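The values are calculated or read from the model by the stated rules, or taken from the named source; none is laboratory data. Only a predicted model underlies this, so the values are computations on that prediction, with no experimental measurement involved. Neighbour counts are summed over all protein chains in view; Cβ atoms, including those assigned to glycine, are modelled from backbone coordinates with ideal geometry.
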Number of protein chains: 4
Amino acid sequence: MLEQLKREVYEANMQLPEYGLVTFTWGNVSGIDREKGLFVIKPSGVAYDRLKPEDMVVMDLEGHKVEGGYRPSSDTDTHVVLYNCFADIGGVVHTHSSWAACWAQAGRDIPCYGTTHADYIYGSVPCVRNLTREEIEEAYERNTGVLIADEFELRDLDHNATPAVLCKNHGPFTWGKDASEAVHHAVVLEEVARMAARCEAINPGVKPAPRELQDKHYYRKHGADAYYGQKQ
Amino acid sequence: MLEQLKREVYEANMQLPEYGLVTFTWGNVSGIDREKGLFVIKPSGVAYDRLKPEDMVVMDLEGHKVEGGYRPSSDTDTHVVLYNCFADIGGVVHTHSSWAACWAQAGRDIPCYGTTHADYIYGSVPCVRNLTREEIEEAYERNTGVLIADEFELRDLDHNATPAVLCKNHGPFTWGKDASEAVHHAVVLEEVARMAARCEAINPGVKPAPRELQDKHYYRKHGADAYYGQKQ
Amino acid sequence: MLEQLKREVYEANMQLPEYGLVTFTWGNVSGIDREKGLFVIKPSGVAYDRLKPEDMVVMDLEGHKVEGGYRPSSDTDTHVVLYNCFADIGGVVHTHSSWAACWAQAGRDIPCYGTTHADYIYGSVPCVRNLTREEIEEAYERNTGVLIADEFELRDLDHNATPAVLCKNHGPFTWGKDASEAVHHAVVLEEVARMAARCEAINPGVKPAPRELQDKHYYRKHGADAYYGQKQ
Amino acid sequence: MLEQLKREVYEANMQLPEYGLVTFTWGNVSGIDREKGLFVIKPSGVAYDRLKPEDMVVMDLEGHKVEGGYRPSSDTDTHVVLYNCFADIGGVVHTHSSWAACWAQAGRDIPCYGTTHADYIYGSVPCVRNLTREEIEEAYERNTGVLIADEFELRDLDHNATPAVLCKNHGPFTWGKDASEAVHHAVVLEEVARMAARCEAINPGVKPAPRELQDKHYYRKHGADAYYGQKQ
């Protein structure tokens, strides 16, 4: 079942090592079929060089396995919550990509210092707080998703304009209209994280890019008046 | 038309990922035929691994498309202004190359700390100010070019001796006698930016290289008394 | 003799350059056959691209060569002590991997700043003191092992939960249930060292990850209640 | 003439891009035949991917070209002085390798922070002062060599134990018993420079490795009592 989606999700997973975003098995990508209400995700702890499209695990939106010979990624319950709370996203990525994870460990939002960031992500990349001991013990992976969704509501963020988040002392999640775009955002986030850290070292008093420049770059790529790329 | 130039510009564009200067489609190279008053540029948002020489777009110096099935790079109007203001350059490159973009985000000129820099770029690499809201809204890409040209005039810089600039909170532009040399300068700039940042971390009180050393290295590679390389 | 173990240890050694952990010959891996009380180790100063499985040297647990045409690694006596003191480990790795060696040179324990670390290593990675002049002159390599074992006892550390150590002004040792897992831990340590350094630069006041988060990640991968990966 | 030496020097030159020590043509290696009093060096400004063994230029120890269709490296006169002053060396390398050049730009000696450094280089890597305007104008490349030799005498350094130097605001020179060992030392220097910079960032108060540890590592690889590697 869902053979086409399994192939897409498999290919999106394979892009993680290709883009240098994962060491060993430290990452997972999922993609959803919204009509069927089912999503497909990487199995837990299987090496990328042995992964096959048919190894992908099919899950429903209550977190039950529907098909698959393997256990799904241990982070699956976070994906479940994100699909439920962000009702129009089509793909989710979790990695420990090095620079993004450094910001997560540092416990800081990534400020928007330039157009590379503004081209894809509107405003700062938020870093959510640690889960409490109770939240961890109750349901660590699910509560990670709940915390992300709550934080986006609290800060009044549009998850389509800010398709990335950092979990404190852990690492990033990104999402997009499908698995491939979610990976694209994971690559952008890693580069943005790298550049923000180095930029602060070069100028410790650096300020975020002016709002009008951020707007210009975001909206020349997104929305009705976008003019970047080719008409489709 | 301009088949030879298209091939040259195509090859110069393909050097950007080869030298690690671009992620995804974040860069563009153009080259000009000064006799015909036409230049050739990468199409907007087309992936490098699908790019073909015949995809290059032909533009005139008023910014009108003369030939091509694709939209030109969204930064085309900046190239137009640079070709008009710097009347003897033959190629222009824009990238978000990581270290140069960090200095642009930091909003600082790159001081000349050594001979790697002085071999190619005379004095600091200037970082121009942000455009105002009005300049952005009126004509963002064109005014980026105007600001660069104005800054070079204001600082009394020779654009052939300083073939690189940083746009604040954005990234670098470089140029040269043709598209290939403009890419060469983009590679040099990225390495110079990397080394300047690390050098300041190693010695926070570091001073620029003495003027006589900068002169020696610049002029052993450029001008009538140059003796680097082979006679041609 | 020990042909299968030689091949395993050879392959584990070859993973060091593959994972970018060694320059030239700056690293060595060994693996032990506990029933026979013999271990197999890389010969000293032989280039990785000329290494063959049959070049591996067989040693006993008193540090005598049992078989092999080459001299064993100059660090062999450290391996001997680690196998004797940590009676259930099956493989040992020593490298000068760049980031881990930086922390060793800096003389600092690596704090646990996040889940990438906590997934594999429980608590800080300890950095042991310098050997005294007397300890160096008496038996440098052996006393390096003795110092590591003493430090683990002094700090009451479980060597299976903390499978890595830094030797001050030198570099890391890691171990595991076999040679391959010891290399796996060497890769983890290098990434953890890189991220900890960058994380401190991004937030100089950063604190270690909360204990409950460290516990959660460590125990979802280790022990009776682990649920990461596939059942075996 | 000197066909075997030309091949060795050619191969040593080709190792510079292989080990990531050069961008474009920013490096050169030479090797000497002490009996004939002639050395062989890379031609100036020729791209590595077009270099051939027969392109190597033969020079005498007064700096005159003896054979070759190309001009020799613009840094040839520095090599001449080093061969004359350090009478037992067999090869010389100059690069702008990124981290070593950062320390040169920073104008600092590289302290010996650990055994990776001590295994090859006894004590700090010295950074020599800038040449004066007069020294530059009189004979830049020759005076660079003279300054290096003078500095080694002034500091009472053994050039065989310290086979590397930094020229302020410029970059490193290394040497060895032949061209291949000189490249080996250039690789070591780059790694040592990288680790020293990062080590200082991790611990700003870091001190050099204790003398007895430096001695131990240097002398287990060098001199009559060396026991690293295989007997030859």
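Among the residues of the range D:80-105, those that are among the hydrophobic types (A, V, I, L, M, F, W, C) and away from chain B (no Cβ under 11 Å) comprise D:Val80, D:Val81, D:Leu82, D:Cys85, D:Phe86, D:Ala87, D:Ile89, D:Val92, D:Val93. Here the condition is being farther than 28 Å from B:Ala106 by Cα, touching a Pro at 6+ places or on another chain (Cβ under 9 Å) and within 14 Å of chain B (Cβ to nearest Cβ); of A:Glu181, A:Glu190, it holds for A:Glu181 alone.
Tallying residues that are assigned to a helix (DSSP H, G or I), touching a helix residue (DSSP H, G or I) at 6+ places or on another chain (Cβ under 6 Å) and within 18 Å of A:His217 (Cβ to Cβ) within the range B:120-171 yields 9.
Taking each residue of the range B:196-215 that is on the phi < 0 side of the Ramachandran plot and surrounded by fewer than 20 Cβ atoms within 10 Å (Cβ to Cβ) and looking for partners that are part of a loop (DSSP other than H, G, I, E, B) and among the charged types (D, E, K, R) with beta-carbon atoms closer than 6 Å, six or more apart or interchain, yields B:Asn203/D:Arg108. In the range A:193-200 there is no residue that is in contact with an Asp or Glu (Cβ under 9 Å, 6 or more places away or on another chain), under 24 Å from B:Leu21 (Cβ atoms) and of a type outside the set (Ser, Thr, Tyr). All but one of (1) touching a Leu at 6+ places or on another chain (Cβ under 6 Å); (2) over 24 Å from A:Val29 (Cβ atoms); (3) aliphatic (A, V, I, L, M) hold for A:Val128; state the number of the condition that does not hold. Single failed check for A:Val128: (2).
Do the conditions hold for C:Glu134, that is, is it acidic (Asp, Glu), surrounded by fewer than 24 Cβ atoms within 10 Å (Cβ to Cβ) and within 14 Å of chain D (Cβ to nearest Cβ)?
Details: acidic (Asp, Glu): yes; surrounded by fewer than 24 Cβ atoms within 10 Å (Cβ to Cβ): yes; within 14 Å of chain D (Cβ to nearest Cβ): yes.
When the stated conditions are applied, C:Glu134 passes them.
Among the residues of the range B:190-205, some residue qualifies, meaning at least one is within 24 Å of D:Lys42 (Cα to Cα), touching a helix residue (DSSP H, G or I) at 6+ places or on another chain (Cβ under 9 Å) and among the acidic types (Asp, Glu).
Please indicate, with yes or no, whether at least one residue in the range B:156-173 is away from chain A (no Cβ under 14 Å), surrounded by fewer than 19 Cβ atoms within 10 Å (Cβ to Cβ) and more than 16 Å from the chain's Cα centre (by Cα). Yes; the residues of the range B:156-173 include at least one that is away from chain A (no Cβ under 14 Å), surrounded by fewer than 19 Cβ atoms within 10 Å (Cβ to Cβ) and more than 16 Å from the chain's Cα centre (by Cα).
Assess whether B:Tyr228 counts as being aromatic (Phe, Trp, Tyr) and either under 15 Å from B:Pro111 (Cβ atoms) or out of contact with any helix residue (DSSP H, G or I) (no Cβ under 7 Å at 6 or more places or on another chain) (or both). No; evaluated as a whole, the condition is false for this residue. Looking across the range C:20-37, just one residue is surrounded by fewer than 17 Cβ atoms within 10 Å (Cβ to Cβ) and within 17 Å of the chain's Cα centre (by Cα), and that is C:Gly20.
A residue that is among the charged types (D, E, K, R), buried (at least 21 other Cβ atoms within 10 Å of the Cβ) and either modelled with pLDDT under 95 or assigned to a helix (DSSP H, G or I) (or both) occurs somewhere in the range C:179-192. The range D:1-114 holds helices (runs of 4 or more DSSP H) entirely within its bounds, and those carrying 2 or more residues that are among the small types (Gly, Ala, Ser) and touching a Leu at 6+ places or on another chain (Cβ under 6 Å) map to D:98-106.
If the condition is being within 23 Å of the chain's Cα centre (by Cα) and more than 7 Å from every other protein chain (Cβ to nearest Cβ), then the range C:209-232 contributes C:Gln214, C:Asp215, C:His217, C:Tyr218, C:Tyr219, C:Lys221, C:His222, C:Gly223. Within the bounds of the range C:45-53, is there any residue that is under 28 Å from D:Pro210 (Cα atoms), touching a Ser or Thr at 6+ places or on another chain (Cβ under 6 Å) and modelled with pLDDT under 95? Checking the range C:45-53: at least one residue is under 28 Å from D:Pro210 (Cα atoms), touching a Ser or Thr at 6+ places or on another chain (Cβ under 6 Å) and modelled with pLDDT under 95.
When you check B:Ser124 against the structure, is it within 13 Å of chain A (Cβ to nearest Cβ) and either of a type in the set (Ser, Thr, Tyr) or under 27 Å from D:Thr95 (Cα atoms) (or both), yes or no? No: the conditions fail for B:Ser124.
Working only within the range A:38-65, note down all residues that are surrounded by 15 or more Cβ atoms within 10 Å (Cβ to Cβ) and hydrophobic (A, V, I, L, M, F, W, C). Within the range A:38-65, A:Leu38, A:Phe39, A:Val40, A:Ile41, A:Val46, A:Leu51, A:Met56, A:Val57, A:Val58, A:Met59, A:Leu61 qualify. Out of all the residues in the range C:137-148, which are surrounded by fewer than 17 Cβ atoms within 10 Å (Cβ to Cβ) and more than 9 Å from every other protein chain (Cβ to nearest Cβ)? Selection gives C:Glu138, C:Ala139, C:Arg142.
Going by the structure shown, is A:Thr115 farther than 18 Å from A:Ala149 by Cα and over 16 Å from the mean Cα position of the chain (by Cα)? The answer is yes for A:Thr115.
Of everything in the range C:106-121 that is within 13 Å of chain D (Cβ to nearest Cβ) and of a type in the set (Gly, Ala, Ser), the residue that is surrounded by the most Cβ atoms within 10 Å (Cβ to Cβ) is C:Ala106.
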